[in-house]
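Comments concern the structure below.
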Amino acid sequence: AQKITQTQPGMFVQEKEAVTLDCTYDTSDQSYGLFWYKQPSSGEMIFLIYQGSYDEQNATEGRYSLNFQKARKSANLVISASQLGDSAMYFCAMREKNNAGKSTFGDGTTLTVKP
Amino acid sequence: NAGVMQNPRHLVRRRGQEARLRCSPMKGHSHVYWYRQLPEEGLKFMVYLQKENIIDESGMPKERFSAEFPKEGPSILRIQQVVRGDSAAYFCASSEGTGGFYEQYFGPGTRLTVT
């Protein structure tokens, strides 16, 4: 069964600094995708970044990068040059190719950016 | 190209009433997923539907909950005889396909409050 673990309920970072949000996963499938979403206080789910299990390079999208360590089953999100607008809840999620469209989410990390 | 639409955005029901949540997928998407988010938790998969078919309902409570995605019109998540524990945000997502390589685009969610 697929499982996502986010061990940091809350994180603080100073504006303009970088921050890493942890995510570990468990799956018996060889083919899967890993996703990060941002949920601001307004409640919508905003897709940030995707990493495929067979991708050799770490995914990057602007200030977001995904530190993918397959052997350790970790997919940490790195946000560079934090901005006040980055304050939100962040969710790591996984989808197995053999399990249709079902996404499994972690419990999230609340990030607060300090001015 | 309009995104995933959900209505209503907020729904208040008294215990014992029925709740109907609607989801219109993005244009061209024939795969719909429903997730539930309890307060302070991550999203939990409920059901995956294609047009006129339920593909995976492994996350649906066995009683009172049902979902459909008819040939015409939006997908409907129906909760009969609501209880206080049903209070949550219900998110719909849609995609072109399935598996780990198709992005699931989320709607803004419906916040259900049971009084």
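The values are calculated or read from the model by the stated rules, or taken from the named source; none is laboratory data. All figures in this text were calculated on a predicted structure; none of them were measured in a lab. Ideal geometry is used to build each Cβ from the backbone, glycine not excepted, and the neighbour counts take in all protein chains shown.
When you check A:F105 against the structure, is it closer than 30 Å to B:L112 by Cβ, among the aromatic types (F, W, Y) and in contact with a Gly (Cβ under 7 Å, 6 or more places away or on another chain), yes or no? Write out each step before concluding.
On the way: closer than 30 Å to B:L112 by Cβ: yes; among the aromatic types (F, W, Y): yes; in contact with a Gly (Cβ under 7 Å, 6 or more places away or on another chain): yes.
Against the criterion (closer than 30 Å to B:L112 by Cβ, among the aromatic types (F, W, Y) and in contact with a Gly (Cβ under 7 Å, 6 or more places away or on another chain)), A:F105 qualifies.
Residues that are among the hydroxyl-bearing types (S, T, Y) and part of a loop (DSSP other than H, G, I, E, B) within the stretch B:30-64 comprise B:S30, B:S58, listed in sequence order. Residues that are within 15 Å of the chain's Cα centre (by Cα) and free of Cβ contacts under 8 Å to residues at least 24 places away in the same chain within the stretch A:54-83 comprise A:N58, A:A59, A:T60, A:E61, A:G62, A:R63, A:S65, A:Q69, A:K70, listed in sequence order. Candidates in the stretch A:17-64 are the residues that are within 14 Å of chain B (Cβ to nearest Cβ) and acidic (D, E); of these, the one that is farthest from A:S103 (Cα to Cα) is A:E61. Within the stretch A:37-80, track down each residue that is of a type in the set (G, A, S), within 22 Å of A:T110 (Cβ to Cβ) and not in a loop (DSSP other than H, G, I, E, B). Correct list: A:S65, A:S74, A:A75. Residues in the stretch A:17-36 that are without any contact (Cβ under 8 Å) to a residue 60 or more places away in the chain and either surrounded by 18 or more Cβ atoms within 10 Å (Cβ to Cβ) or among the hydroxyl-bearing types (S, T, Y) (or both): A:T20, A:T24, A:S28, A:W36. Looking only at the stretch B:86-114, count how many residues are free of Cβ contacts under 8 Å to residues at least 12 places away in the same chain and more than 14 Å from chain A (Cβ to nearest Cβ). The qualifying residues number 0.
Note on the stretch B:45-71: residues that are closer than 16 Å to B:S87 by Cβ and either surrounded by 15 or more Cβ atoms within 10 Å (Cβ to Cβ) or aromatic (F, W, Y) (or both) total 3. Per the conditions (1) surrounded by fewer than 22 Cβ atoms within 10 Å (Cβ to Cβ); (2) more than 14 Å from chain A (Cβ to nearest Cβ); (3) at pLDDT 95 or above, the sole criterion not satisfied by B:L77 is (1). Restricting the stretch B:49-69 to residues that are touching a strand residue (DSSP E or B) at 6+ places or on another chain (Cβ under 8 Å) and more than 14 Å from every other protein chain (Cβ to nearest Cβ) leaves a set whose member that is farthest from B:S95 (Cα to Cα) is B:R64. If the condition is being touching a helix residue (DSSP H, G or I) at 6+ places or on another chain (Cβ under 8 Å) and modelled with pLDDT under 95, then the stretch A:1-39 contributes A:Q2, A:D29, A:S31, A:Y32, A:G33. Picking from residues in the stretch A:1-16 that are more than 9 Å from chain B (Cβ to nearest Cβ), part of a strand (DSSP E or B) and not basic (K, R), the one that is surrounded by the most Cβ atoms within 10 Å (Cβ to Cβ) is A:V13. If you check B:R20 against the conditions, is it closer than 29 Å to A:Q8 by Cβ, part of a strand (DSSP E or B) and not aliphatic (A, V, I, L, M)? Taking the combined requirement at face value, the residue does not satisfy it.
The requirement of being within 13 Å of chain B (Cβ to nearest Cβ), surrounded by 16 or more Cβ atoms within 10 Å (Cβ to Cβ) and more than 17 Å from A:K38 (Cα to Cα) is fulfilled somewhere in the stretch A:102-111, by at least one residue. Of all residues in the stretch B:91-106, one or more are surrounded by fewer than 16 Cβ atoms within 10 Å (Cβ to Cβ) and more than 18 Å from A:Y37 (Cβ to Cβ).
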